[in-house]
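The values are calculated or read from the model by the stated rules, or taken from the named source; none is laboratory data. None of the values given here were measured: they were computed from a predicted structure. Cβ sites come from the backbone with ideal geometry, for glycine too, and all protein chains shown count toward neighbours.
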Amino acid sequence: MTHFWKSLISGAGELSPNCREAARLQSEALDHRLRWRQRMGLRIHLLLCHWCQRYGKQLRFLRSAAHRHDEHEQTLPPQSLRPEARERIKQRINSEKS
Ligand SMILES: [Zn+2]
């Protein structure tokens, strides 16, 4: 290993989180924006660590698949309630209100 890479990695190592931390940051990043320092560290870690790169890809894939599933569920018509049943429920709610 050349001196250049050694110093780069040891320098990045101070800023870069370990794999456990990187995995946590990656899933956190899907839910909210990371702080600048966290983003930097994660980016550096991902440059050096192929395992975490792959993990991040998998994570995003799973997350987007889950989202697609949610949307699909929501666009399904509510088959459980027939119009008459819905009308009856509405009337009951109205009568309780008054
Ligand atoms: Zn890693």
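At a glance:
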{"read-out": "Residue among Arg54, Arg37, Arg60 that is in a helix (DSSP H, G or I), within 12 Å of the ligand (Cβ to nearest atom) and among the basic types (Lys, Arg)", "value": "Arg54"}
{"read-out": "Glu96 vs. criteria modelled with pLDDT under 90 and exposed (fewer than 10 other Cβ atoms within 10 Å of the Cβ)", "value": "yes"}
{"read-out": "Exclusive hit being more than 16 Å from the ligand (Cβ to nearest atom), at negative phi and modelled with pLDDT under 85, set Leu76, Leu30", "value": "Leu76"}
